[in-house]
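Reading through the structure tokens given below for one structure.
The values are calculated or read from the model by the stated rules, or taken from the named source; none is laboratory data. If you're wondering where the values come from, they're calculated on a predicted model, not measured in any experiment. Backbone-built Cβ (ideal geometry, glycine too); neighbour counts: all protein chains shown. The area values use the complete protein model at the heavy-atom level, side chains included, leaving out ligands, DNA and RNA. Shrake-Rupley method; radii C 1.70, N 1.55, O 1.52, S 1.80 Å.
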Amino acid sequence: SSVYAATTSIRRALRQDDSRPGELLLREGSMLRLDSQLEVWCDARELEKHWALPQRDSLLSLYRGPFLQGCYLDWAVRLRHQWEERMLQALQELAARQLELEPRQTLETAGQGLDIDPLRQELHALKIRAYLALGQPEAGLRHFQLCEKLLRQALGLEPLTSLLELYHRCRLAL
């Protein structure tokens, strides 16, 4: 009865809608397998494919969060860190491109990256540059202070020299 309940649950989870004819799980002797005609979409494969493209905007639309969050097997942790770093790199590249034409968009893009890694100083710098481009040096100062506090609490570090330079540019702009 446990096997029957498990296969029923699997069938229910795999069935996207009731209009699909046929079985998703096929029995072959004492084994069960997925129907080979079943169309399978794998997010990891799609991410790999989009990572190779020169424009990475499509990659950002595919990423939904940490890979296998909560799984601490070595291979899963390695892939999770690898994809987080790739996403941070893609967000940073996009935010840098947006800075001249769309500084408001830079704030959002850099913010997405900081949601993944709040200690990424390059993304903090992009946000401060965006505030300067928008003529909001006081917001840039507040953001610098937030960054400085995060770095001190989490790592016991001071901000990079480039961030200190942006801090002084914000002060001069006031």
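A few points about this structure:
- Within region 101-125, restricting attention to residues that are part of a helix (DSSP H, G or I), of a type in the set (Asp, Glu) and free of Cβ contacts under 8 Å to residues at least 24 places away in the same chain, the residue that is most open to solvent (accessible area, probe 1.4 Å) is Asp115.
- When Ala130, Ala96 are checked against the criterion of being at pLDDT 95 or above, crowded, with 18+ Cβ neighbours inside 10 Å and not hydroxyl-bearing (Ser, Thr, Tyr), a single residue qualifies: Ala130.
- Residues in region 1-23 that are at pLDDT 75 or above and farther than 28 Å from Leu79 by Cα: Ser1, Ser2, Val3, Tyr4, Ala5, Ala6, Thr7, Thr8, Ser9, Arg11, Arg12.
- If you filter region 24-59 down to residues that are acidic (Asp, Glu) and outside any helix (DSSP H, G or I), you find that the one that is modelled with the highest pLDDT is Glu28.
- In region 151-174, the residues that are open to solvent by less than 100 Å² (accessible area, probe 1.4 Å), farther than 18 Å from Leu107 by Cα, touching a helix residue (DSSP H, G or I) at 6+ places or on another chain (Cβ under 9 Å) and not small (Gly, Ala, Ser): Leu151, Leu157, Pro159, Leu160, Leu164
- On inspection, Arg11 fails the criterion of being without any contact (Cβ under 8 Å) to a residue 40 or more places away in the chain, of a type in the set (D, E, K, R), surrounded by 14 or more Cβ atoms within 10 Å (Cβ to Cβ) and more than 30 Å from Gln153 (Cβ to Cβ).
To keep it simple, each residue is scored yes or no on (1) small (Gly, Ala, Ser); (2) out of contact with any Cys (no Cβ under 7 Å at 6 or more places or on another chain); (3) closer than 24 Å to Cys147 by Cβ.
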residue	(1), (2), (3)
Ala52	yes, yes, no
Leu73	no, yes, no
Val77	no, yes, no
Glu102	no, yes, yes
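- Checklist (1) touching a residue at least 12 places away in the same chain (Cβ under 8 Å); (2) outside any helix (DSSP H, G or I) applied to Ile128, failing item: (2)
- Scan of region 60-78 for residues that are among the hydroxyl-bearing types (Ser, Thr, Tyr), surrounded by fewer than 13 Cβ atoms within 10 Å (Cβ to Cβ) and within 19 Å of Lys49 (Cα to Cα), ordered by number: Ser61
- Region 69-87 residues that are assigned to a helix (DSSP H, G or I), paired with ones that are open to solvent by 100 Å² or more (accessible area, probe 1.4 Å) and modelled with pLDDT under 90 (beta carbon under 9 Å, 6 or more apart): Arg80/Gln69
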